[in-house]
Every structure is written in structure tokens, then in C-alpha cells.
1. From the phi angles alone, apply the Karplus equation (6.51, -1.76, 1.60; θ = phi - 60°) to the stretch 254-264 and give each ³J(HN,Hα) in whole Hz, x where the residue is Gly or Pro.
2. Starting at 0 and stepping by 10 Å, how many percent of the alpha carbon pairs of the stretch 75-231 end up in each bin?
3. If N is the number of residues in the stretch 8-50, what value comes out of its Cα radius of gyration divided by 2.2 N^0.38 Å?
4. Given 37 °C and 0.692 mPa s, compute D for the stretch 258-334 with the Stokes-Einstein relation, Rh being the Kirkwood radius over Cα pairs; round to the nearest whole µm²/s.
5. Taking θ = phi - 60°, what integer Hz values does the Karplus form 6.51 cos²θ - 1.76 cosθ + 1.60 yield along the stretch 348-364, in sequence order, with x for Gly and Pro?
6. Could you tell me what percent of the accessible area of the stretch 114-221 is made up of carbon and sulfur, with a 1.4 Å probe and every protein chain present?
7. Going through the stretch 1-86, which trypsin sites (Lys or Arg not before Pro) have at most 13 other Cβ atoms within 10 Å and a DSSP loop state?
8. Under 25 Å between alpha carbons, and skipping anything fewer than 8 positions from LYS44 in its own chain: which lysines qualify?
Amino acid sequence: MHKTVTGFSKLSKSEKIDWIVTTYFPNHKNAEHILKQYWNNNEKLQLLHDEFIENTISNFYLPFGVAPNFLINGKTYTIPMTIEESSVVAAASKAAKFWFDRGGFKAEVISTTKIGQVHFTYDGNAEDLIPFFNQIKPLFFEDTSAITKSMNKRGGGILDIELKNKTETLNNYFQFHATFETMDAMGANFINSCLEQFATTLKREADVSLNGNLSIIMSILSNYVPDCLVRAEVSCKVEDLTENPDISAEAFAEKFLQAVKIAEIEPYRAVTHNKGIMNGIDAVVLATGNDFRAVEAGIHAYASKTGKYTSLTHAEVNNGIFKFWIEIPLALGTVGGLTSLHPLVKLALEMLGKPSARELMQIVAVTGLAQNFAALRSLTTTGIQEGHMKMHLMNILNQFEATPEEKEKLIAHFKTNTVTHSAVVEAIKSIR
Ligand code: MEV
């Protein structure tokens, strides 16, 4: 089948769908309906979403849920979460409530510096670059003054620019390593604009002052932000740690600590452990219109900063006090980007009390910690499947379009029977 097309982006949305349907679904009458059923009747809202990206043909819905009762630094939040995985919001809510009754979460921002680099090659004498760089350094600030003006007013801007000689690792390779403070903006556009201007200035000055050939390779921010750090923790007396009559508080604390230790030393476990943390983090990052890929990339890099991938959370018991904490890098924004464009994102931020980026960093870190607490508590006691399968049951029932009466019957049935996909299908068949 001929599946390439030219000028696709110039077609109207309906024409694009026609092409998709005739090319990929010639015998599937429903394809057009499936795509169009997600169109929003509110044309203005639909157009807004259409224009977020190129070649939009439909909307992809994800549930927008909330986890209430998060007490963070003495303030109560209801946290918006966008996620498809069935048990995540329930787990976050449970952990929030548990810690609400034990003093809540404490969170602090440790640092907020972001990083960007101009990568370039120079085939002349490396020694010449140092005085050249020192001489022209003020020009980088001058030439970016139009870009930095409003950021400077808000208290941010370019912090520093360093020249780095990387020729030991790659022939002729040098870089500018620049640091930025971007206040309430995630800062990607700001940083990239500054970097591209640095590159233009560098090339212009190099062409007149240097003997060798300087070539700009690229200018881009780094999503590795180990100096944009936030820490969140919970603590309580060991004796207050469990409401579960099947396990003593001491035994639970011991198992919990052991589970964290395993994630600290065993990368296979650490990846899953951290994935559970990201369940919470991504959900809030997405609901608040932030870039979850940037956050994922930066956090996993941070998890391997020692050269070995390890747990993002840690736990200890000292003098009868259980303490559990997380430290992660987070580059987030509460202004700019989707935050003022997407109505649901705006609502999510309003629900959080229009937080600053620093406050949002704390909220996100807390959600990750809560999620990890909930996962480890299940894993070390009942096992994870009990909760998962309850939520999974609803998904299967919906898949089979169970009526409210059928749902009621089957939920009652599976209170005492193990949920498996085939058991649910059998049970549906037997009552129909
Ligand atoms: C599932 O999405 C997340 C967990 O696997 C996390 C963990 O194992 O800690 C339950």
C-alpha cells in the first residue's frame, strides 16, 4: 500500500482524517467515528487544542483526577493528577490521609539553578580561547539584554557563563556552560534564546579575533538540573506507623526500611521503585501543564549521579522515629507555556492556590514521596495486586459495558473472589 503523502500538513482536519481512513482503515467504517467522537463541540476550545501541535486530528483523553488531604508545610492541598493507571490516585489519596494525621509532609527547595550549553569546536590553539573568552564575556550579557530584560526584573536571568575545554574527551570540543535563574518559568524558551544569542556573538567575535576555525555545533538547555533540587519528607514515631492489625509497627518499619535499602543497592528494583515515584510526579507535572519528559529525563539521570542507578527515596529509624524522604531535581514552571493556555491546566494551578514554581516543586516532590510510601506499604504487606485488581475489575467491567446492576453484583462477588481477567469475563458471562 502507498502510505506516503505530500502536503499533508496543509490539508484540513477532515481531509487529514479522510486520508488516514482511506489509507489505513478502508474496511473499518468506525475509524472516522472513533476519531471524531473526541472532537469538542466548543469550537474555540477545540481550535486551541488543534493548534498546540501540528496535524491534530483528534483529542486523546486522559483522566483528570484529584488527590485531596495533602498537608504540606502546614497547608492543605487537593492535588490534581492526570494519569491513566488505575490505582495511582487512590494510592496517593490514601497516603495523603495517612500522613495528614501524622503531621503531614515537610518540603523545602534546596536550589533553583538551571543549565544550558553552547557546544562548539575550535581547531586553533586551545590556550587562545581563555583570554578571548574573558575579553568578550561581557558581550554575552549585553547582546542578550533584550531577552533578559523582563526576567531580570522578576529577579532571574543569566547567572554565569563558563568556558569548558572538553578536548580530552572529544577532539576540538569546547562548550559554554551557562547557569540561569528562571523564577516561575520553566525557562526552556528563555534559556534557549539566550544560548542561541551566545552562539551568534561567539561566532561573530571568533571570526574577527581568532586564528583557528570555530564552528558552532548546537545551543540547547540541559534537562539535567542537579542544582534545581527539592526535598520532601515525612516522619512519625515508629509506633504510629501502621493501622494494619496483621503486622506490628516495628515489623512494618523494618520491612519498609529493608525495601528502601533493596532499591538503594539493586538497580533492577530501583527502576521499578522509582517508576512508582514517577507515577505521582508525572501525573501532577502533566496536570499542571509541565514537561514530563524533561522531568523524567532529569530525575533518572539524577538517580544515577554516582554512576550507579539507585533509589530516589531513603528511609531511617532513629531513636524510635521513622523518617522517609526524597530528593529530586525538578525544572517546573507556573507561568508561560501551557500554564496560561490550557483551561484545565489553569484550573489545576488555581486549585493549588496559584503556586510559585518553588511551591509546585514541593507539591510534586511530596506526591512522588506519597506514591512511593503507598507502593512500599502495599508491597511489604498485602502485595500490590489486591489494590490493583480492584481497580482493574472496574476497567474490565467497563470494557464489557456492564450495567450499573451488573457492576454492583460483580463487585460484591469479587470482594471474596480473586480478580483475574478471565475470572471477570466468566462472571460477566454467567450473569448475562
Ligand atoms: C506500578 O505502577 C508501580 C509499582 O510497581 C511501584 C513499586 O514497585 O514500587 C507498584
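The values are calculated or read from the model by the stated rules, or taken from the named source; none is laboratory data. What you see is a predicted model, and the numbers here were worked out from it, not measured in a lab. In this analysis, Cβ positions are derived from the backbone assuming ideal geometry, glycine residues included, and neighbour counts consider all displayed protein chains. All accessible areas refer to the heavy atoms of the entire protein, side chains included, with ligands and DNA or RNA removed. Shrake-Rupley method; radii C 1.70, N 1.55, O 1.52, S 1.80 Å.
1. Here the 3J(HN,Hα) series is 5, 5, 4, 4, 5, 4, 5, 4, 4, 5, 6 Hz.
2. 9, 31, 24, 16, 11, 8, 1
3. Values: Rg = 11.4 Å, N = 43, 2.2 N^0.38 = 9.2 Å.
The stretch 8-50 yields a ratio of 1.24.
4. Calculated translational D: 248 µm²/s.
5. Calculated HN-Hα couplings, in order: 4, 5, 5, 4, 7, x, 6, x, 6, 4, 4, 5, 5, 4, 5, 4, 5 Hz.
6. Values: 2640 of 5480 Å².
In the stretch 114-221, the share of accessible area belonging to carbon and sulfur is 48 percent.
7. On the way: sites: LYS3, LYS10, LYS13, LYS16, LYS29, LYS36, LYS44, LYS75; in loops: LYS3, LYS29.
Filter output for the stretch 1-86: LYS3, LYS29.
8. LYS10, LYS13, LYS16, LYS36, LYS346, LYS354
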